[in-house]
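Here is the structure we will look at.
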Amino acid sequence: MIDQSFHYEGVTGHPRLPGRDIKFSINDVNVYYGPKHALKNVGLDIASREVTAFIGPSGCGKSTFLRSLNRMNDLIDGCRVEGQVLIEGEDIYAPEVDVVELRARVGMVFQKPNPFPKSIYENVAYGPRIHGIARSRDELDGIVQSSLERAGLWKEVRDRLDAPGTGLSGGQQQRLCIARAIAVSPEVILMDEPCSALDPIATAKVEELIDELSGNYTIIIVTHSMQQAARVSQRTAFFHLGYLIECEQTDVIFMNPQHPLTQGYITGRFG
Amino acid sequence: MTDRHTVRSYDEDLKGLTATILEMGALAESQFARAAKAMATRDTALAREVIEGDARVDALERDVNERSIRLLALRQPMADDLRYIISGFKISADLERIGDYAANLGKRVLVLDRLPETPLVRELEPMADMALVMLRDTLQAYRDRDIDRAMDAWNQDEPLDDLYDVVVKKMSGVMMEDPSLIGACAHLMFIARNIERIGDHATNIAENIYFFISGLPLRMVHPKPAPTTVETDTPDGPETE
């Protein structure tokens, strides 16, 4: 079996991206849940307008890390984040940061589709309205339509915008949640296993959508499906027991990973 | 590849693939060794056995292809597993060609048998011996996943090419001196060419072994340029400098 007691010194691959357009620069991030040290000295750069996948076995810290990128961990009692998360050079944990504003810049899509118990229209219009993005009903209509179009859902729902969002199929609900995230013009979309509750066709549609959106948004996706990481991402980061083990171009990770733990995980030898 | 997969049947599938390629390699080696022996001893019965035996090599190649495609479809292999399966797929194609060259050698033994005996056939024996050692080393490197042995085998191709050039020169000299030997020499030159090609395929196999073990193409890390293959049969071509 793989020696999991391997001691972690530094990260294999290229976690830093000199010369690239960087969205997030993360330095020495540690996350604790009470006494539990969940994320250990994680540092990496995340490039703008591409898809980065976080993979690793359950409990490896990948979702914790994802949630630390828009301060979703603030909502968890006893959670403490140390270190630096810079978005375009600004520290998102600085005291003057408006967390609501931050979460508009860094949107999130969850594992289970969670539309509001409101109409399809209102699901998408909610964000722009509370952030004061639209100045008129016409403008709001435009945002709702373009968001639904970008989420690949417009043609399926244009005739029933007043119908409840919860009445859509699972895949449509997830795309509605993506439309809702897009509606406030975020820079980054965080996705926490966005397809794990979807069937293969709905999954394929969401993956196609991720691919299209990556031209305009920085997307970070946590996935348990290595095939999905391979299909949708340009870079992949592998986490294990709270450590970032290897971070590299996705094709390198899946064809020729350098770290034995990465190799063991992606070939199905542990985890 | 020393660690077991969580899904045991995956390991069984990979073992089955390895066993089939090893069987194919052993058969291709034996086909070539027996063809060379048939040539050296003018044994037409053995030559016919080799010709008939080629169908079995072809059948094993189909078996390897089916197993590889099945593994790719059902297991979605990654990293070293992926490289191993793709390399095996390519190695089986090289082994199939080696089998073809052995069978072709067998056919030429039957033709040579109808021509006057010539001591020139002795010139080919060292070439056949070299190619056989190279092929054996390659197959052993595959079985043991031994990157150093694969490199050793790879390095044997250049001397084999050099020897081929010497044989071609010698044959063309003989043909010019004694036109009555042109018929036999032409066949011997084709045999020499077949043996040289067997060396090239063994080289390909060594490169694939290197690749699946290291993840790197062999040509990128080797200090020497890859040996060029002589592509014409003209004895006075520029490639025989």
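The values are calculated or read from the model by the stated rules, or taken from the named source; none is laboratory data. Every value quoted in this text rests on a predicted model; they were computed, and no experiment measured them. Positions of Cβ are backbone-derived with ideal geometry, glycine not excepted, and every protein chain shown enters the neighbour counts.
Pairs meeting the criteria (first residue in region A:209-236 and touching a residue at least 24 places away in the same chain (Cβ under 8 Å), second residue among the hydroxyl-bearing types (Ser, Thr, Tyr) and part of a loop (DSSP other than H, G, I, E, B), beta carbons under 7 Å, at least 6 apart or on different chains) are A:218/A:48; A:221/A:233; A:224/A:196; A:229/A:223. Quickly run through region B:146-160 and pick out the residues that are part of a helix (DSSP H, G or I), surrounded by fewer than 18 Cβ atoms within 10 Å (Cβ to Cβ) and among the acidic types (Asp, Glu). Matches in region B:146-160: B:148, B:152, B:158. Do we find a residue being surrounded by 17 or more Cβ atoms within 10 Å (Cβ to Cβ) and more than 30 Å from residue A:261 (Cα to Cα) anywhere in region B:1-13? Checked against the condition, which is being surrounded by 17 or more Cβ atoms within 10 Å (Cβ to Cβ) and more than 30 Å from residue A:261 (Cα to Cα), region B:1-13 yields no hits at all. Quick check on residue B:21: is it within 14 Å of another protein chain (Cβ to nearest Cβ), surrounded by 15 or more Cβ atoms within 10 Å (Cβ to Cβ), within 22 Å of the chain's Cα centre (by Cα) and among the hydrophobic types (A, V, I, L, M, F, W, C)? Judged against the criteria, residue B:21 is not a match. Taken over region A:130-155, the criterion of being surrounded by 15 or more Cβ atoms within 10 Å (Cβ to Cβ) and either part of a helix (DSSP H, G or I) or at positive phi (or both) is satisfied by A:140, A:143, A:144, A:145, A:146, A:147, A:148, A:150, A:152, A:154.
Only one entry of B:108, B:143 meets the criterion of being under 23 Å from residue B:155 (Cα atoms), charged (D, E, K, R) and assigned to a helix (DSSP H, G or I), and that entry is B:143.
Could you please let me know if residue A:234 is within 14 Å of chain B (Cβ to nearest Cβ), surrounded by fewer than 20 Cβ atoms within 10 Å (Cβ to Cβ) and not aromatic (Phe, Trp, Tyr)? Judged against the criteria, residue A:234 is not a match. Taking the criterion of being more than 7 Å from chain B (Cβ to nearest Cβ), more than 20 Å from the chain's Cα centre (by Cα) and surrounded by fewer than 21 Cβ atoms within 10 Å (Cβ to Cβ), the residues of region A:243-268 that qualify are A:252, A:258, A:259, A:260. For region B:23-67, name all the residues that are over 17 Å from residue B:194 (Cβ atoms), aliphatic (A, V, I, L, M) and free of Cβ contacts under 8 Å to residues at least 60 places away in the same chain. Within region B:23-67, B:45, B:55, B:59, B:60, B:64 qualify. Close contacts from region A:244-271, counting a first residue that is farther than 19 Å from residue B:86 by Cα and a second that is of a type in the set (Gly, Ala, Ser) and at pLDDT below 95, with Cβ to Cβ under 6 Å and a gap of 6+ residues or different chains, come to A:246/A:13; A:247/A:13; A:248/A:13; A:265/A:271; A:270/A:264.
Matching residues to (1) free of Cβ contacts under 8 Å to residues at least 60 places away in the same chain; (2) within 24 Å of residue A:10 (Cβ to Cβ); (3) out of contact with any Leu (no Cβ under 7 Å at 6 or more places or on another chain):
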residue	(1), (2), (3)
A:44	no, yes, no
A:47	no, yes, no
A:70	no, no, no
A:74	yes, no, yes
A:117	yes, no, yes
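Just one residue in the set B:120, B:110, B:115 is farther than 26 Å from residue B:203 by Cα, touching a Gly at 6+ places or on another chain (Cβ under 7 Å) and in contact (Cβ under 8 Å) with a residue 24 or more places away in the chain; that residue is B:115.
Answer yes if at least one residue in region A:157-178 is away from every other protein chain (no Cβ under 14 Å), outside any strand (DSSP E or B), under 17 Å from residue A:66 (Cβ atoms) and in contact with a Leu (Cβ under 9 Å, 6 or more places away or on another chain), and no otherwise. Within region A:157-178, one or more residues are away from every other protein chain (no Cβ under 14 Å), outside any strand (DSSP E or B), under 17 Å from residue A:66 (Cβ atoms) and in contact with a Leu (Cβ under 9 Å, 6 or more places away or on another chain). Going through (1) touching a residue at least 40 places away in the same chain (Cβ under 8 Å); (2) in contact with a Lys or Arg (Cβ under 6 Å, 6 or more places away or on another chain) one by one, residue A:84 falls short only on (2). Of the set (1) more than 23 Å from the chain's Cα centre (by Cα); (2) modelled with pLDDT under 95, all apply to residue B:112 but (1).
Quick test for you: out of B:152, B:162, B:137, B:157, pick the one residue that is without any contact (Cβ under 8 Å) to a residue 12 or more places away in the chain and not hydroxyl-bearing (Ser, Thr, Tyr).
B:162
Does region A:179-206 hold any residues that are among the hydroxyl-bearing types (Ser, Thr, Tyr) and not in a helix (DSSP H, G or I), and which are they? Within region A:179-206, A:185, A:196 meet the criteria. Quick check on region B:68-78: of everything there that is within 12 Å of chain A (Cβ to nearest Cβ) and without any contact (Cβ under 8 Å) to a residue 12 or more places away in the chain, which residue is farthest from the chain's Cα centre (by Cα)? Step by step, filter region B:68-78, then rank; the result is B:76.
Condition check ((1) of a type in the set (Ser, Thr, Tyr); (2) touching a Phe, Trp or Tyr at 6+ places or on another chain (Cβ under 8 Å)) across all residues:
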site: A:123; (1), (2): no, yes
site: A:127; (1), (2): no, no
site: A:140; (1), (2): no, no
site: A:166; (1), (2): yes, no
site: A:185; (1), (2): yes, no
site: A:190; (1), (2): no, no
site: A:195; (1), (2): no, no
site: A:199; (1), (2): no, no
site: A:216; (1), (2): no, no
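Only one residue in A:67, A:49 is under 21 Å from residue A:219 (Cβ atoms), part of a helix (DSSP H, G or I) and of a type in the set (Lys, Arg), so which one is that? A:67 is the lone residue from the list that is under 21 Å from residue A:219 (Cβ atoms), part of a helix (DSSP H, G or I) and of a type in the set (Lys, Arg).
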